[in-house]
1. Pull up all non-local amide H partners of Tyr88: gap of 5 or more, or a different chain, and H-to-H distance under 5 Å with H placed in the peptide plane.
2. Using r as the Cβ-Cβ distance of Leu139 and Ser20, and R0 as 22 Å, what FRET efficiency do you calculate, to the nearest 0.05?
3. So what are the ³J(HN,Hα) numbers for region 72-89, from phi and the Karplus equation (6.51, -1.76, 1.60; θ = phi - 60°), rounded to whole Hz, Gly and Pro as x?
4. At a 1.4 Å probe radius, carbon and sulfur cover how many percent of the accessible area of region 50-90?
5. Report the accessible area of Thr136, computed with a 1.4 Å probe over the heavy atoms of all protein chains in place, in Å² rounded to the nearest 10.
6. Compute the accessible area per residue over region 19-94, keeping the other protein chains in place, probe 1.4 Å, unit Å².
7. Figure the gain on full extension for Thr125 and Asn146 (residue separation times 0.36 nm, minus the Cα-Cα span) and round it to one decimal in nm.
8. Length gain on complete extension for the stretch Glu50 to Ala116, per 0.36 nm per residue less the alpha carbon to alpha carbon distance?
Amino acid sequence: MRVIIESDYAGVPGERPEPSSLDRAQQFVEEFLFFVKANDVGNDIMDEIELPVSKSLLIDAFSIVIVAERRPDVRNLLIKAGITLAQYRPGLGPRIRMSPGSPKWRVEPSISRRLALHLKRTLSTVASERIQLAETYLLAIRRSLN
């Protein structure tokens with residue numbers, strides 16, 4: 001599955017990616033998309049060590065690919081996919097399944113409260129980072145239009 005980018009990249013002087021950097025960014029984005037599909041990630045929260053490429057590299061790659069894409073519908077899909085990087089947390093440990101039908105764990109009430117607090121903090125952090133990533137991608141688009 002190759003993401004086809006139609007590009008009229010007219011970025012700010014000095015911000016125009018070299019063809020090789022666009023190709024490399026596209027390759028990283030594709031690797032990520034294959035990874036998400038192969039691992040049925042959905043809305044789960046995973047440790048970022050599971051990513052096929054470092055999270056910061058993927059954020060940069062999505063920024064480059066999003067800016068280079070000139071079709072609004074595809075650009076929106078790329079932004080949506082790039083925002084899912086917030087679901088990958090450093091040092092999280094085991095995957096947190098967020099899909100319906102996830103196993104219901106029976107634990108002691110004190111542990112249960114700690115797990116609930118941990119989940120609440122994790123979800124809050126994911127939500128905040130989703131907003132940050134959306135702003136990062138939109139800022140990259142705005143800079144490329146100037």
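1. Residues meeting the criterion, in which the H sits 1.01 Å from N, are Met46.
2. Numbers: r = 24 Å, r/R0 = 1.08.
Efficiency, rounded to the nearest 0.05: 0.40.
3. The phi angles translate into x, 5, 5, 4, 4, 5, 5, 4, 4, 5, x, 5, 5, 4, 5, 6, 9, 10 Hz.
4. 58
5. 60
6. Using a 1.4 Å probe on heavy atoms only, each residue of region 19-94 averages 49 Å².
7. Gain on extension, Thr125 to Asn146, equals 4.4 nm.
8. On the way: separation 66, 0.36 × 66 = 23.76 nm, distance 2.34 nm.
Between Glu50 and Ala116, full extension yields 21.4 nm more.
The values are calculated or read from the model by the stated rules, or taken from the named source; none is laboratory data. Values in this document were obtained by computation on a predicted structure and should not be read as measured data. Using ideal geometry, Cβ is built from the backbone for each residue, glycine included, and neighbour counts are taken over all protein chains shown. When the accessible area is computed, the model is the full protein with side chains, heavy atoms only, and any ligands, DNA or RNA have been set aside. Shrake-Rupley method; radii C 1.70, N 1.55, O 1.52, S 1.80 Å.
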